[in-house]
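Q: Attaching a single structure in structure tokens format; questions to follow.
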Amino acid sequence: MTLYRAILRFEEDCPAVTGEWEGNDAVARSTYKAWIGLYTHDPAVVVQFVADEENGVRRVLRKWVVDREVVTEPGDPL
């Protein structure tokens, strides 16, 4: 089963605050969006929405950095 994560870093490559939801992307997406609204006033903040597959592959679905969102998988709805 896929483990969905919302990941918040106050600086790139620093320790992270992480929320994890197994098989439930809706809560992870909601948390990702909430963290963007709460914390991205600081340009150093990085917020990610990722999916960790059972086979060990991590897919970064969305990433927010310095006032813009990067969608890494085309068609990923939010």
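Q: Please count how many residues of the stretch 47-72 are not in a strand (DSSP E or B) and not small (Gly, Ala, Ser). Can you show your working first?
A: Within the stretch 47-72, the first condition is being not in a strand (DSSP E or B), and the residues that meet it are 53-57, 66-67, 72.
This time we only want the ones that are not small (Gly, Ala, Ser), so: 53-55, 57, 66-67, 72.
Number satisfying all stated conditions: 7.
Q: While we're on this one: Tell me whether the stretch 20-40 contains one or more residues that are assigned to a loop (DSSP other than H, G, I, E, B), open to solvent by less than 40 Å² (accessible area, probe 1.4 Å) and of a type in the set (Val, Ile, Thr).
A: Yes, the conditions are met somewhere in the stretch 20-40.
Q: Related question: Residue under question is Ile7, and the condition is that it be without any contact (Cβ under 8 Å) to a residue 60 or more places away in the chain, among the aliphatic types (A, V, I, L, M) and outside any strand (DSSP E or B); does it hold?
A: no
Q: Which number in (1) of a type in the set (D, E, K, R); (2) surrounded by 10 or more Cβ atoms within 10 Å (Cβ to Cβ); (3) assigned to a loop (DSSP other than H, G, I, E, B) marks the one condition that Asp13 misses?
A: Condition (2) is where Asp13 drops out.
Q: Another question about this same structure. Looking only at the stretch 41-58, filter to residues that are of a type in the set (A, V, I, L, M) and out of contact with any strand residue (DSSP E or B) (no Cβ under 6 Å at 6 or more places or on another chain); which one of those is surrounded by the fewest Cβ atoms within 10 Å (Cβ to Cβ)?
A: Val57
To keep it simple, each residue is scored yes or no on (1) touching a residue at least 40 places away in the same chain (Cβ under 8 Å); (2) not hydrophobic (A, V, I, L, M, F, W, C).
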| residue | (1), (2) |
| --- | --- |
| Asn24 | no, yes |
| Ser30 | no, yes |
| Leu38 | no, no |
| Phe49 | yes, no |
| Arg58 | no, yes |
| Val71 | no, no |
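The values are calculated or read from the model by the stated rules, or taken from the named source; none is laboratory data. Everything numeric in this text was worked out from a predicted model, so none of it was measured. We place every Cβ from the backbone using ideal geometry, glycine too, and count neighbours over all the protein chains shown. Surface areas here come from the heavy atoms of the whole protein model, side chains and all, with no ligands, DNA or RNA. Shrake-Rupley method; radii C 1.70, N 1.55, O 1.52, S 1.80 Å.
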